[in-house]
Every structure is written in structure tokens, then in C-alpha cells.
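The block underneath contains the structure these notes are about, expressed in C-alpha cells.
The values are calculated or read from the model by the stated rules, or taken from the named source; none is laboratory data. These numbers come from a predicted model, not from an experiment. Virtual Cβ from ideal backbone geometry, glycine too; neighbours counted across all protein chains shown. Accessible surface is based on the protein model in full, side chains and every heavy atom, while ligands, DNA and RNA are left aside. Shrake-Rupley method; radii C 1.70, N 1.55, O 1.52, S 1.80 Å.
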Amino acid sequence: MEEVRGSKSWREELASLVDDSGIRFTGDAIGVSTPAFETKKFEFRSPEHEPAVGSESLQDQIKGFAKAWGEMVLEFGKGCKDVVQQTILTEDSYIVKKTRRPLSMASEKVRFLNEFLPEDRDPAHAWLVIFCVFILAFAVLGIHHRHDCSVPMVKKVYIPPPSAVRIQLPDGRYLAYHELGVPADRARFSLIVPHGFISSRLAGIPGIKLSLLEEFGVRLVTYDRPGFGESDPHPDRNHNSSAVDMLQLAESVGIKDKFWILGYSDGAMHAWAALKYIPQRVAGAAMFAPLVNPYDSSMTKEEMSRTWEKWTRKRKFMYYLARRFPKLLNYFYRRTFLSGKHGQIDKWLSLSLGKKDKDLIETPAFEELWQRNVEESIRQGSTKPFLEEAVLQVSNWGFSLGDLQPQKKCPGKGFLPWLKFLYGEAECEMTGFLGPIHIWQGMDDLVVPPTMTAYVSRILPNASVHWLPEEGHYSYFFLCDKCHREILTSLFGSPQGPLKETPSEDDEEASTTLNDPLLE
């Protein structure tokens with residue numbers, strides 16, 4: 001085949017595929033030819049039309065700054081790592097010596113988990129990645145759960161209008177009280193109840209039925225302690241003043257005979273005071289999980305230790321503040337029950353609860369009682385009564401429980417006792433509280449541990465203690481019809497009903513007239 005005339009050689013074809021760079025390739029040598037310069041027309045441009053050479057945008061500057069900071073942090077982390085490895089993680093360091101043995105033992109116990117990893121993976125690196133992924137997954141699930149679940153609305157505290165009956169005490173203060181059961185003239189037994197910490201006159205025996213009080217002929221009188229509810233605060237409140245308030249309340253509401261007193265939890269502190277300062281007016285006492293001073297010096301080291309170990313750290317801290325720095329409790333009270341919102345009783349009081357108590361506080365009936373009690377308790381919006389109550393719990397009561405133990409006191413030696421003996425006036429007398437004391441204590445109570453009641457039983461061996469298996473702090477006393485019947489039966493025996501009405505003079509005259517034989 002003949003070559004087409006005018007076709008290019010392979011060297012020319014190769015040269016045509018690239019731009020003219022001034023290089024000419026021949027078969028013998030390489031020659032460099034100088035390209036011809038073209039003359040261009042000069043055009044003047046103003047500076048604003050001139051493109052900025054080497055300038056960066058704001059976004060590029062931020063990226064560069066962040067990159068530089070990232071490199072600095074990375075280098076700083078590497079430096080810290082080197083410092084830790086060269087100082088803390090050396091063979092001679094204190095931390096390595098102390099943790100080497102427990103870590104090696106733990107590593108031996110979980111070494112079998114490495115069998116589930118691929119053979120080509122480093123266990124330390126693999127388990128670190130798995131742990132990080134695990135934490136990240138839980139965080140994502142938590143966020144997703146919070147967004148999906150409906151957040152319950154926090155119920156705000158509503159303070160109803162004043163509705164209590166009040167009496168004026170001799171010192172000018174007003175005391176609010178509430179009555180349940182049979183009227184005064186038909187009552188076989190009168191029972192006065194000083195309420196607990198966040199409580200009021202509305203508490204009494206929570207959930208007790210009126211028919212049960214009438215069946216036993218009981219008149220139940222509850223009152224707001226000074227500063228709580230609708231009662232005026234006391235300028236200098238102490239345990240003696242609490243007993244005097246109960247005595248004046250009993251006289252004001254027409255209790256002429258001796259009355260019974262009921263103390264529940266913190267309210268038992270004021271019941272103990274009544275047994276000490278007005279024993280001549282108290283017929284008997286009923287105590288439910290009675291609180292005593294946790295710093296009482298008459299408690300043994302074991303009793304004190306077993307009591308404190310049942311409480312949460314926050315509750316221990318609150319007791320410490322009440323004893324040393326009570327004014328700091330204002331902050332905690334303002335953030336909880338004085339915040340204007342309702343909350344759970346165990347969270348607000350830093351309590352740990354047993355199973356039956358946890359089940360009970362979640363019921364609507366308990367929540368209604370608790371919320372209404374809180375509303376009435378904080379009616380005055382002041383932290384003062386709560387601070388006073390907290391300080392009274394942990395301070396010196398002015399008496400010991402041993403003072404309540406019945407003892408025979410005989411006249412001492414001397415001329416005056418000898419003279420009385422000659423005239424037959426020197427006789428021994430009984431001191432302390434001579435009436436019955438009943439104590440109910442749940443064995444699963446974590447608020448007032450059974451150790452406290454065991455301590456009271458040791459100090460007051462004549463007290464009748466009713467141990468309640470599987471019962472907590474609230475489960476036996478709140479909303480339990482069967483329990484309430486057992487309580488009244490233990491205190492007052494078989495139900496006899498209220499006293500019969502005493503006929504008036506008009507009724508007697510009418511009866512005499514109808515029975516007159518002259519009218520027949």
C-alpha cells in the first residue's frame with residue numbers, strides 16, 4: 001500500500017498533540033527556540049477594580065484559627081499524656097503500686113470476655129471503643145426518651161382561705177385547732193395530737209373514719225403548732241412551751257379530765273415533753289415511730305451507729321446543718337416545700353423508704369393528704385417554724401427520757417425530814433410518768449430506724465412496744481382502717497361507744513310530770 005502523499009510523520013503527529021513550548025525535537029538533537037513575544041495594549045484599571053492578591057475571606061480565617069487551636073490542643077494533650085506516663089504511670093509511682101494488684105485481679109476475672117473479640121483486635125483498644133459506643137448509645141436513648149415521654153406538669157401549691165377555729169392563749173397568741181369524733185360532753189377519751197415536721201392540724205390520724213371514733217367514744221383534737229398553719233408563732237419556743245400550749249388547749253376546749261396524747265415521728269418529740277412537764281394531766285401516750293435526739297449522749301455507740309447508717313447522706317448533712325449552721329437550712333427549704341410547688345415526700349425530706357412505704361406514697365389518696373397538709377403547713381410562707389423544729393430535734397431537750405421512768409423518791413436525811421417523820425408526814429412519792437406508754441414501730445422503717453425504738457425500750461422498760469414486721473414509716477399509720485382499729489383497741493380496750501347524754505333539768509321535770517299518779 002502506498003503512503004498517502006502529504007501525510008505527517010510520527011514525530012510531527014506527536015508534536016502536534018502538545019502546545020508549542022518552544023522545544024523543537026529533531027532526530028539528532030534537541031533545540032530550544034525562543035518564543036516570539038506579542039505586544040499587548042496597556043490598559044489602566046483603578047485600584048478598586050484590581051483583584052486582591054493573597055487576601056482571605058472571613059470564613060477561611062475562622063477555619064484556619066480553629067485548625068490552629070485544634071493542633072495546639074492536640075499537642076497539649078500529647079504533652080499531658082507524656083507527663084502522666086513519665087511521672088504517675090511509672091513503676092515506682094504510688095498510684096501504680098496501690099492499683100496494680102486490684103487491677104490485675106479484676107483483669108483476670110474479666111479476661112474471658114476477650115474470647116468474644118476478633119483475633120486481630122487489641123483488647124484494650126476494642127473494649128475502650130465498645131465502652132464509648134455504649135455510653136453514647138445510652139445518652140442518645142435518654143435524650144430520645146425525654147423527648148418522646150410526656151413531661152408531667154408540676155402542681156403548684158394552692159393556699160385555701162383561712163378556715164380554722166382559733167383560741168386565744170393567755171400570752172395573747174392565737175392557736176388554731178380542729179376536732180373530730182364525739183362531742184366534748186359525750187367523750188369517753190380525749191386524744192390530743194401534736195403534728196410532725198411538714199404537717200398541720202389536718203393530719204391527726206390520717207384517714208381515720210368518724211364512725212370508728214364514735215364506736216370507741218373518742219374525741220380527737222389536733223392543732224397547729226406555733227408558726228404552722230393558722231397559729232401565731234412563738235417568740236421563744238422550746239419543749240416546755242410545747243407542753244404548756246397543749247395544757248392550755250385542753251383547758252380551752254373543755255377537757256376537764258386527763259387526756260391521752262399521740263406523737264407520730266417528729267411529733268413524738270412534743271409528746272415526750274408533755275409527759276415530762278405536765279404528767280399530772282396526761283392519762284397515757286401512744287407513740288408511732290417516735291423520733292428522739294440522734295445526738296443523745298445516753299445512746300450507746302452501737303445504737304447511734306446503727307441509727308445513722310440507715311439515713312441518706314443528704315439527711316445526715318441536714319442534721320449537721322441544724323446542729324451547727326441552722327440558718328443555712330433556709331436555702332434548702334426555699335428550694336423544696338417552700339418553693340410554691342408540690343413534690344414527693346421522700347425527695348423533699350431526703351428520705352429512704354421501704355417497699356410498703358413506696359407503694360403507699362404513690363397512691364392518689366396519700367398524695368391528696370400529703371399535698372393538702374403541705375399547703376396548710378406552709379401557709380405563712382416563713383422558714384422560721386421549720387428552722388425551730390429542726391433545731392429542737394438535735395439540741396439539748398432539757399430533759400432525758402430516763403426522767404420519765406417511774407421511780408420512788410423518799411425524803412433525804414436531815415433535821416427537816418426527821419421532823420416530818422415524827423409527825424407522820426414523811427412518805428415516799430413516785431416520780432416520772434405513771435401512765436401507760438404504747439409504742440408502734442415498723443421493722444422496715446428507714447426514716448426512724450427500729451434502733452431508735454430499741455433505745456427507748458431500754459431507757460423505758462415499762463413501755464409496751466408493738467413491733468410491726470414488714471411495716472414502714474407510713475404504711476401502718478396512714479389510711480389503714482384495720483390498723484386504726486387495732487390502735488384504739490390497744491389504747492382503750494373494747495369499744496363502748498360514747499357516753500350517754502345526761503338528762504337536763506327540764507327533761508327530768510317533764511318525766512316526773514308524766515309519771516305523776518295523780519294525772520293518771
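Rundown of residues vs (1) of a type in the set (A, V, I, L, M, F, W, C); (2) modelled with pLDDT under 95, yes/no style:
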position	(1), (2)
261	yes, no
267	no, no
272	yes, no
278	yes, no
282	yes, no
297	no, yes
342	no, yes
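Out of 243, 268, which single residue is open to solvent by less than 30 Å² (accessible area, probe 1.4 Å), of a type in the set (A, V, I, L, M, F, W, C) and touching a Pro at 6+ places or on another chain (Cβ under 6 Å)? I'd like the intermediate steps shown before the answer.
Details: 243 fails: touching a Pro at 6+ places or on another chain (Cβ under 6 Å).
Just one listed residue meets the conditions, 268.
Taking into account only those residues within segment 332-391 that are aromatic (Phe, Trp, Tyr) and more than 20 Å from residue 230 (Cα to Cα), which is least open to solvent (accessible area, probe 1.4 Å)?
Step one: of segment 332-391, the residues aromatic (Phe, Trp, Tyr) are 332-333, 337, 348, 366, 370, 386.
Adding the requirement that they be more than 20 Å from residue 230 (Cα to Cα) leaves 332, 348, 366.
Details: 332: 50, 348: 36, 366: 6 Å².
For segment 332-391, the residue satisfying everything is 366.
Would you mind telling me which numbered condition in (1) closer than 25 Å to residue 278 by Cα; (2) open to solvent by less than 10 Å² (accessible area, probe 1.4 Å) residue 430 fails?
(2)
If a residue must be open to solvent by 30 Å² or more (accessible area, probe 1.4 Å), outside any helix (DSSP H, G or I) and not aliphatic (A, V, I, L, M), how many such residues does segment 444-463 contain?
Kept after step one, since they are open to solvent by 30 Å² or more (accessible area, probe 1.4 Å), are these residues of segment 444-463: 444, 446, 454, 457-459, 461-462.
Those left that are additionally outside any helix (DSSP H, G or I): 444, 446, 461-462.
The next check asks that each one be not aliphatic (A, V, I, L, M); those that pass are 444, 461-462.
Within segment 444-463, residues that are open to solvent by 30 Å² or more (accessible area, probe 1.4 Å), outside any helix (DSSP H, G or I) and not aliphatic (A, V, I, L, M) number 3.
Does residue 332 qualify as being at pLDDT 90 or above and either assigned to a helix (DSSP H, G or I) or more than 23 Å from residue 382 (Cβ to Cβ) (or both)?
Taking the combined requirement at face value, the residue satisfies it.
Exactly one condition in (1) closer than 20 Å to residue 200 by Cβ; (2) open to solvent by 10 Å² or more (accessible area, probe 1.4 Å); (3) under 28 Å from the mean Cα position of the chain (by Cα) is false for residue 305; which is it?
(1)
Of the residues that make up segment 144-161, is at least one at pLDDT below 70 and either open to solvent by less than 80 Å² (accessible area, probe 1.4 Å) or touching a strand residue (DSSP E or B) at 6+ places or on another chain (Cβ under 8 Å) (or both)?
Taking segment 144-161 as the starting set, the residues that turn out to be at pLDDT below 70 are 144-153.
Cutting the leftovers down to either open to solvent by less than 80 Å² (accessible area, probe 1.4 Å) or touching a strand residue (DSSP E or B) at 6+ places or on another chain (Cβ under 8 Å) (or both) gives us 149.
Checked segment 144-161: at least one residue is at pLDDT below 70 and either open to solvent by less than 80 Å² (accessible area, probe 1.4 Å) or touching a strand residue (DSSP E or B) at 6+ places or on another chain (Cβ under 8 Å) (or both).
What is the residue count in segment 320-331 for residues that are open to solvent by 20 Å² or more (accessible area, probe 1.4 Å) and touching a residue at least 12 places away in the same chain (Cβ under 8 Å)? Steps first, please.
Here is the first cut: in segment 320-331, the ones open to solvent by 20 Å² or more (accessible area, probe 1.4 Å) are 320, 323-328, 330-331.
Pick out the ones that are also touching a residue at least 12 places away in the same chain (Cβ under 8 Å) and you get 323, 326-327, 330.
Result for segment 320-331: 4.
Quick check on residue 360: is it of a type in the set (A, V, I, L, M, F, W, C) and touching an Asp or Glu at 6+ places or on another chain (Cβ under 9 Å)? Before you say what the answer is, go through the steps one by one.
Details: of a type in the set (A, V, I, L, M, F, W, C): yes; touching an Asp or Glu at 6+ places or on another chain (Cβ under 9 Å): no.
Judged against the criteria, residue 360 is not a match.
How many residues does segment 176-189 hold that are of a type outside the set (A, V, I, L, M, F, W, C), part of a strand (DSSP E or B) and either farther than 14 Å from residue 212 by Cα or at pLDDT below 95 (or both)? Please lay out each step first, then the result.
First pass over segment 176-189, keeping only residues of a type outside the set (A, V, I, L, M, F, W, C): 177-179, 181, 183, 185-186, 188.
With part of a strand (DSSP E or B) added as a condition, the list becomes 177-179, 181.
Checking the rest, the ones that are also either farther than 14 Å from residue 212 by Cα or at pLDDT below 95 (or both) come to 177-179.
Looking only at that region, the number is 3.
Which fully enclosed helices (runs of 4 or more DSSP H) of segment 233-314 have 1 or more residues being within 21 Å of residue 179 (Cβ to Cβ) and in contact (Cβ under 8 Å) with a residue 12 or more places away in the chain?
Result: 239-252, 268-277.
Among 484, 466, 473, which is part of a loop (DSSP other than H, G, I, E, B), under 34 Å from the mean Cα position of the chain (by Cα), on the phi < 0 side of the Ramachandran plot and surrounded by 12 or more Cβ atoms within 10 Å (Cβ to Cβ)? Before the answer, list the steps.
On the way: 484 fails: part of a loop (DSSP other than H, G, I, E, B); 466 fails: part of a loop (DSSP other than H, G, I, E, B).
Just one listed residue meets the conditions, 473.
Do you know which residues across segment 335-357 are within 21 Å of residue 380 (Cβ to Cβ) and either basic (Lys, Arg) or touching a Pro at 6+ places or on another chain (Cβ under 9 Å) (or both)? First the steps, then the outcome.
So in segment 335-357, the residues within 21 Å of residue 380 (Cβ to Cβ) come out as 335-343, 345, 348-349.
Within segment 335-357, 335, 341 qualify.
Any residue at all in segment 107-117 that is open to solvent by less than 80 Å² (accessible area, probe 1.4 Å), modelled with pLDDT of 75 or more and either in contact with an Asp or Glu (Cβ under 6 Å, 6 or more places away or on another chain) or assigned to a helix (DSSP H, G or I) (or both)?
Within segment 107-117 (the criterion being open to solvent by less than 80 Å² (accessible area, probe 1.4 Å), modelled with pLDDT of 75 or more and either in contact with an Asp or Glu (Cβ under 6 Å, 6 or more places away or on another chain) or assigned to a helix (DSSP H, G or I) (or both)), the answer is no, since none of the residues qualifies.
Can residue 402 be described as modelled with pLDDT under 95, surrounded by fewer than 15 Cβ atoms within 10 Å (Cβ to Cβ) and either among the hydroxyl-bearing types (Ser, Thr, Tyr) or not in a helix (DSSP H, G or I) (or both)?
Working: modelled with pLDDT under 95: yes; surrounded by fewer than 15 Cβ atoms within 10 Å (Cβ to Cβ): yes; either among the hydroxyl-bearing types (Ser, Thr, Tyr) or not in a helix (DSSP H, G or I) (or both): no.
When the stated conditions are applied, residue 402 does not pass them.
Could you list, in sequence order, all residues of segment 195-233 that are open to solvent by 30 Å² or more (accessible area, probe 1.4 Å), touching a helix residue (DSSP H, G or I) at 6+ places or on another chain (Cβ under 7 Å) and either polar (S, T, N, Q) or more than 21 Å from residue 475 (Cα to Cα) (or both)?
233
Out of (1) closer than 27 Å to residue 243 by Cα; (2) at pLDDT below 95; (3) hydrophobic (A, V, I, L, M, F, W, C); (4) in contact with a helix residue (DSSP H, G or I) (Cβ under 6 Å, 6 or more places away or on another chain), the odd one out for residue 430 is which?
In the conditions (1) closer than 27 Å to residue 243 by Cα; (2) at pLDDT below 95; (3) hydrophobic (A, V, I, L, M, F, W, C); (4) in contact with a helix residue (DSSP H, G or I) (Cβ under 6 Å, 6 or more places away or on another chain), residue 430 misses (4) alone.
Of all residues in segment 176-194, count the ones that are touching a helix residue (DSSP H, G or I) at 6+ places or on another chain (Cβ under 8 Å) and open to solvent by 40 Å² or more (accessible area, probe 1.4 Å).
Residues flagged as touching a helix residue (DSSP H, G or I) at 6+ places or on another chain (Cβ under 8 Å) and open to solvent by 40 Å² or more (accessible area, probe 1.4 Å) within segment 176-194 amount to 3.
State all residues of segment 272-300 that are more than 13 Å from residue 399 (Cα to Cα) and under 26 Å from the mean Cα position of the chain (by Cα); if no residue qualifies, say none.
287, 288, 289, 290, 291, 294, 295, 299 - these are the residues of segment 272-300 that are more than 13 Å from residue 399 (Cα to Cα) and under 26 Å from the mean Cα position of the chain (by Cα).
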